[in-house]
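Student: Have a look at the structure that comes next, please.
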Amino acid sequence: MRVHVLQLIVGDKLISDSFNSVGLHLISAGTVLDSSDIHMLNRHNVDYVEIYPRTDDPAPAPSQEAVRPIHNTQLRLFENAITGIKSLFESIQGGSDIHDDEVESAFNPLLEDIKEEKDVVSLLLTLNSTDDYTLQHSVQVGMLSYYLAKWMNKSEKEAHLIGKAGYLHDIGKCKIPPEILNKPSKLTADEFNEIQKHTIYGYDIIRKSLKDDTVALVALQHHERMDGSGYPLRKSGADIHSYSRIVAVADVYSAMISKRVYRDKRDLLFVLRELHRMSFGELDPKITQVFIRNMIPNFIGKKVVLSDGREGAIVMTNPSDFFRPLIKINNQFLDLSQLVDVEIATIWV
């Protein structure tokens with residue numbers, strides 16, 4: 001039977017070989033698909049495949065592979081990257097320059113370890129620390145920027161550079177007074193104007209210390225928006241560097257899934273819906289679509305709580321509405337695309 005890639009489940013068996021749009025052979029006929037196979041098909045923008053009819057439940061329970069824990073090495077490297085960005089902040093605040101080897105020794109080991117990770121959702125849900133928001137956010141944006149660059153078929157070298165730009169995108173916040181940066185209530189107009197200056201501060205710091213105009217430009221432009229509504233220079237469209245547009249998507253996603261001093265973190269599917277909305281004007285639509293398309297398969301197997309209190313697990317995504325998947329609750333299946341008054345309230349690993 002012919003099915004959309006986003007409807008594939010672990011255990012489906014291919015009838016015929018699968019190729020991408022340029023004829024590259026991906027998976028051979030007869031292969032019993034696992035989660036990494038499904039992710040690869042999705043990453044190569046394959047839309048439909050032919051599989052043998054399913055003989056058991058229409059949507060079997062997800063495999064344990066989809067919810068495996070993150071290993072200790074990843075957690076240690078994540079914390080080291082946080083310590084690294086903290087040290088960079090402190091160096092600048094102390095009047096010193098930052099150096100490229102400091103940046104790479106703090107961040108590159110994490111990238112090398114996670115580069116083959118398929119389940120980015122579990123990675124982000126599991127890698128959390130008690131460090132302050134700005135530090136953890138810098139690491140998350142670096143990771144997500146790297147992944148997004150790879151999903152866009154950038155070379156490893158270019159993806160590393162984009163990840164580095166993401167890691168340093170908020171370095172200018174070291175110049176913002178802590179009482180403004182961590183204020184739990186609404187900012188005044190003057191305070192918001194000061195916050196906006198972190199983009200300019202970051203640009204100056206990176207150009208002066210690292211002599212890297214491209215990474216500096218990302219620090220300057222990551223809050224610019226395609227419709228010209230961003231800051232600090234009200235750039236729009238193609239006037240915003242492509243790396244800045246990639247980091248902007250990662251920045252918004254990380255900011256919204258994180259707990260802030262002035263608001264709780266948002267649910268993961270809510271955030272993807274918000275990114276989808278922002279792609280109609282604010283964020284680069286092609287980059288945002290690549291991000292959503294590659295994140296959605298990671299939700300298969302995740303446990304959920306629905307808005308009516310019921311608990312279950314996502315077993316199949318819906319290609320016509322990414323945000324209303326098929327849910328298994330005990331031995332029953334619930335198609336959220338047919339229930340407009342019920343939605344996912346919470347997702348966890």
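The values are calculated or read from the model by the stated rules, or taken from the named source; none is laboratory data. Computed from a predicted model, the values in this text were never measured in an experiment. Quick reminder, even Gly has a Cβ in these numbers, built from the backbone with ideal geometry, and neighbours come from all protein chains shown. Quick note on the areas: whole protein, heavy atoms, side chains included, nothing else; ligands and nucleic acids left out. Shrake-Rupley method; radii C 1.70, N 1.55, O 1.52, S 1.80 Å.
Student: Given a 1.4 angstrom probe, what's the average accessible area per residue across the chain, in square angstrom?
Tutor: 45 Å²
Student: Before anything else, pin down the relative contact order of the range 116-266: Cα pairs under 8 Å, at least 6 apart, normalised by residue count, whole percent.
Tutor: RCO, the range 116-266: 22 percent.
Student: In percent, how large is the relative contact order of the chain, given Cα pairs closer than 8 Å and 6 or more residues apart?
Tutor: 15 percent
Student: Mind running the shape call on the chain? Use the C-alpha gyration tensor, a ≥ b ≥ c as the square roots of the eigenvalues: rounded below 1.5 for a/c, prolate if a/b tops b/c, oblate otherwise.
Tutor: Taking the square roots of the gyration eigenvalues as a ≥ b ≥ c, the chain is prolate.
Student: Now for a different question. Cα gyration tensor of the range 167-307, axes a ≥ b ≥ c as square roots of the eigenvalues: rounded (a/c below 1.5), prolate (a/b > b/c) or oblate?
Tutor: It comes out oblate by the Cα gyration axes.
Student: Pick out which of Ser185, Ser122, Ser138 has the largest mean-square fluctuation in a Gaussian network model of the chain, springs linking Cα atoms closer than 10 Å.
Tutor: Comparing Ser185, Ser122, Ser138 in the GNM, the peak value goes to Ser185.
Student: Still on this model: Using Cα springs under 10 Å in a Gaussian network model of the chain, which residue among Leu187, Leu127, Leu14 shows the largest mean-square fluctuation?
Tutor: Maximum among the listed residues: Leu187.
Student: Efficiency by 1/(1 + (r/R0)^6): what FRET value for Thr214 and Ala255, r their Cβ-Cβ distance, R0 = 30 Å, to the nearest 0.05?
Tutor: 0.85
Student: Obtain the nm distance between the two label points defined at Glu102 and Asp190 by a simple spin-label model: each point lies 7 Å from its Cα along the Cα-to-C-beta direction.
Tutor: 3.2 nm
Student: Within the range 1-22, list the residues whose amide N lies under 17 Å from a label point set 7 Å along Cα→Cβ of Arg54.
Tutor: In the range 1-22, the label zone of Arg54 (backbone N under 17 Å from the point 7 Å along Cα→Cβ) covers 1-15.
Student: Which entries in the list Lys13/Lys302; Lys150/Lys208; Lys186/Lys208; Lys186/Lys303 go over 24 Å, if you measure between the two C-alpha atoms of each?
Tutor: Lys150/Lys208; Lys186/Lys208; Lys186/Lys303
Student: How large is the helix-only mean residue ellipticity at 222 nm for the chain, computed as the sum of -39500 (n - 2.57) over DSSP H runs with n ≥ 4, divided by its residue count, in deg cm²/dmol to the nearest 500?
Tutor: Mean residue ellipticity, 222 nm, calculated: -14000 deg cm²/dmol.
Student: Give a quick list of trypsin sites (Lys or Arg not before Pro) in the range 134-197 that DSSP marks as loop, anything other than H, G, I, E or B, with at most 14 other Cβ atoms within 10 Å.
Tutor: Lys186
Student: Another question, if that's okay. Which of His169, His99, His160 moves most in a GNM of the chain, Cα contacts under 10 Å?
Tutor: Highest fluctuation among the options: His99.
Student: If I take R0 = 35 Å and measure r between the Cβ atoms of Thr31 and Ser337 in this structure, what FRET efficiency does the formula 1/(1 + (r/R0)^6) give, to the nearest 0.05?
Tutor: That gives a FRET efficiency of 0.75.
Student: Once R0 is set to 35 Å, what does the formula 1/(1 + (r/R0)^6) return for the Cβ-Cβ distance between Lys115 and Phe280, expressed as a FRET efficiency to the nearest 0.05?
Tutor: Efficiency, from the Cβ-Cβ distance: 0.65.
Student: In terms of solvent-accessible area of protein heavy atoms at a 1.4 angstrom probe, what is the ranking of Leu233, Leu326, highest value first?
Tutor: The most accessible residue leads, giving Leu233, Leu326.
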